[in-house]
Amino acid sequence: MKTARNQIQGVFTSTLPSFPVNPSDKCEQSKYNSNFANAILKGVVFTGANLKKANLIRTNLSGADLQGADLQGANLSESKLCQANLSGANLKNANLTGADLRGADLSGAIMPDGTVYDPYHHFSTLSKGEV
């Protein structure tokens, strides 16, 4: 007769297929340091996190705390960053194409073009047709 403990152990020790790991094999995903594509990370706290070259395509980061996070070269295209705290974050060379930044705090953030975001003066250098 199986005890509850044996039944639980059987569930957690099921045989998983083994795959050879070869560090010399480079897959397409290796261009990213971490992959959170399509994840729902609402309200997550990534304060000061190293997310350099992270794949965050179509990720829901609404209300997330990314204050001071390093997002250099990260792909945030089509991500939802509503009400996210990105103050002081480094977004240099990040892809923000189609990202929803409504209500996000970008104060002091380094933008993809390398400029520091200033909520009072950021758009002052754009021509009338660009606004």
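The values are calculated or read from the model by the stated rules, or taken from the named source; none is laboratory data. Keep in mind that this is a model prediction, so the values were computed, not measured. Note that we place each Cβ from the backbone using ideal geometry, even for glycine, and neighbour counts take in every protein chain shown. We work out accessible area using only protein heavy atoms, side chains counted, and drop any ligands, DNA or RNA first. Shrake-Rupley method; radii C 1.70, N 1.55, O 1.52, S 1.80 Å.
Details
- Some residue of segment 81-98 being in contact with an Asp or Glu (Cβ under 7 Å, 6 or more places away or on another chain) and not in a loop (DSSP other than H, G, I, E, B): yes
Each row is one residue, and each column tells you yes or no for (1) in contact with a strand residue (DSSP E or B) (Cβ under 8 Å, 6 or more places away or on another chain); (2) modelled with pLDDT under 80; (3) open to solvent by 80 Å² or more (accessible area, probe 1.4 Å).
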| site | (1), (2), (3) |
| --- | --- |
| 3 | no, yes, no |
| 18 | no, yes, yes |
| 21 | no, yes, yes |
| 36 | yes, no, no |
| 44 | yes, no, no |
| 80 | yes, no, yes |
| 87 | yes, no, no |
| 91 | yes, no, no |
| 102 | no, no, yes |
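- Complete set of residues in segment 47-65 that are open to solvent by less than 40 Å² (accessible area, probe 1.4 Å) and out of contact with any Gly (no Cβ under 7 Å at 6 or more places or on another chain): 49, 51, 54, 55, 56, 57, 59, 60, 61, 62
- Residues (over 18 Å from residue 110 (Cα atoms) and of a type in the set (S, T, N, Q)) located in segment 34-78: 34, 35, 38, 55, 59, 60, 62
- Test: residue in segment 24-32 that is open to solvent by 40 Å² or more (accessible area, probe 1.4 Å) and modelled with pLDDT of 95 or more: no
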